[in-house]
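Beneath this line is the structure, given in structure tokens, with notes to follow.
The values are calculated or read from the model by the stated rules, or taken from the named source; none is laboratory data. No experiment lies behind these values; they were computed from the predicted model shown. Positions of Cβ are backbone-derived with ideal geometry, glycine not excepted, and every protein chain shown enters the neighbour counts.
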Ligand code: PLP
């Protein structure tokens, strides 16, 4: 039987989606073949791809002047491609660091333009979001980059910072479509699909169209995001199976009540886990300041690292898997994306309370 899967990504998918995939695996939409075996340029797949885009636009309220791209290469490739697509080599770009993935995005930008750190919480062990009033922003920067949810450190922006006329570029890999958002506040929203939206192998980018094609660089055509916009993300062969599954996840999200309902559910799930941590008399600890605690990834430590393997073993026996923390911060991490049901979080919360009683 399936366990409750708290993996940070690739992560749990909604069970009804997996069942539909199973049902359609051999024969899809009258094609007498699986979705993996038909041309991405054929009628059936083109319709399926367009449907996914329509559903994403509807769910997130994406205006027409934004393109929606479905791409290979994950969030990491986009972290490298966006800088070269948004500005020339002489331009500046401001990076706000709230964890590991912001640092990686900066590393990937530095070769393409003058990327600099406008604010960082590194000195405090990435336990908060620096107050935007104190950010050292360059008004001439091509963009400001943030990571809306740091998957490893468990730090989430709870408000969209105001960067004036400078477009905000956000790596939203681990909180994309987990609550309602105002797309117009952003220049680019991008992320890997493998947490909230579908299988790995696919990344999504929502890009204000006027930001593309102005960099003046000579790029290999496959690096030029405008080519993907002009070709409906089919400049080359897209990851068709991942795109199809993402489409099913979007339909599931609509059926669940859309982003408002999912956002409420996600808030309740996170509150439940933080309540167990804070109510454990110091047995469990989460290092993040309460106002920046992630609703998606809840890292926590036990009083003694020697208890970690015991916790993991007992959790697994209770059908709670994927809880081992990232090696950079140690301890445990419960990732509770859209597809994690409230029953899974309740089971984990009960297990944690019981474990603390027995080992505290
Ligand atoms: N950004 C964030 C916030 C992430 O959590 C991850 C992966 O976990 C990445 C970027 C890298 O994503 P990918 O492996 O799709 O390149």
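Kindly establish whether residue 102 is within 10 Å of the ligand (Cβ to nearest atom), touching a residue at least 24 places away in the same chain (Cβ under 8 Å) and in the same structural domain as residue 154 (by TED's automatic domain parsing). It would help to see each step written out before you state the result.
Values: within 10 Å of the ligand (Cβ to nearest atom): yes; touching a residue at least 24 places away in the same chain (Cβ under 8 Å): yes; in the same structural domain as residue 154 (by TED's automatic domain parsing): yes.
Spelling it out, residue 102 is indeed within 10 Å of the ligand (Cβ to nearest atom), touching a residue at least 24 places away in the same chain (Cβ under 8 Å) and in the same structural domain as residue 154 (by TED's automatic domain parsing).
Residues are listed down the side, and each one gets a yes or a no for (1) under 30 Å from residue 15 (Cα atoms); (2) within 16 Å of the ligand (Cβ to nearest atom); (3) assigned to a strand (DSSP E or B):
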residue: 198; (1), (2), (3): yes, yes, no
residue: 205; (1), (2), (3): yes, yes, yes
residue: 213; (1), (2), (3): no, no, no
residue: 218; (1), (2), (3): no, no, no
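When you go through 180, 161, 167 one by one, which is the residue that is under 22 Å from residue 270 (Cβ atoms), surrounded by 19 or more Cβ atoms within 10 Å (Cβ to Cβ), away from the ligand (no atom under 16 Å from the Cβ) and outside the structural domain of residue 270 (by TED's automatic domain parsing)?
Values: 180 fails: surrounded by 19 or more Cβ atoms within 10 Å (Cβ to Cβ); 167 fails: under 22 Å from residue 270 (Cβ atoms).
That would be 161, the only listed residue that is under 22 Å from residue 270 (Cβ atoms), surrounded by 19 or more Cβ atoms within 10 Å (Cβ to Cβ), away from the ligand (no atom under 16 Å from the Cβ) and outside the structural domain of residue 270 (by TED's automatic domain parsing).
Which number in (1) within 16 Å of the ligand (Cβ to nearest atom); (2) farther than 18 Å from residue 294 by Cα; (3) touching a helix residue (DSSP H, G or I) at 6+ places or on another chain (Cβ under 7 Å) marks the one condition that residue 152 misses?
(2)
Exactly one condition in (1) assigned to a helix (DSSP H, G or I); (2) surrounded by fewer than 16 Cβ atoms within 10 Å (Cβ to Cβ) is not met by residue 348; state its number.
All conditions pass for residue 348, except number (2).
Take residue 75 and decide whether it is in the same structural domain as residue 168 (by TED's automatic domain parsing), within 13 Å of the ligand (Cβ to nearest atom) and closer than 27 Å to residue 193 by Cα.
Working: in the same structural domain as residue 168 (by TED's automatic domain parsing): yes; within 13 Å of the ligand (Cβ to nearest atom): yes; closer than 27 Å to residue 193 by Cα: yes.
The answer is yes for residue 75.
State all residues of segment 159-171 that are in a loop (DSSP other than H, G, I, E, B) and in contact with a helix residue (DSSP H, G or I) (Cβ under 9 Å, 6 or more places away or on another chain); if no residue qualifies, say none. Please lay out each step first, then the result.
Going through segment 159-171, the residues in a loop (DSSP other than H, G, I, E, B) turn out to be 159-167.
Listed by number, the residues that qualify are 159, 160, 161, 162, 163, 167.
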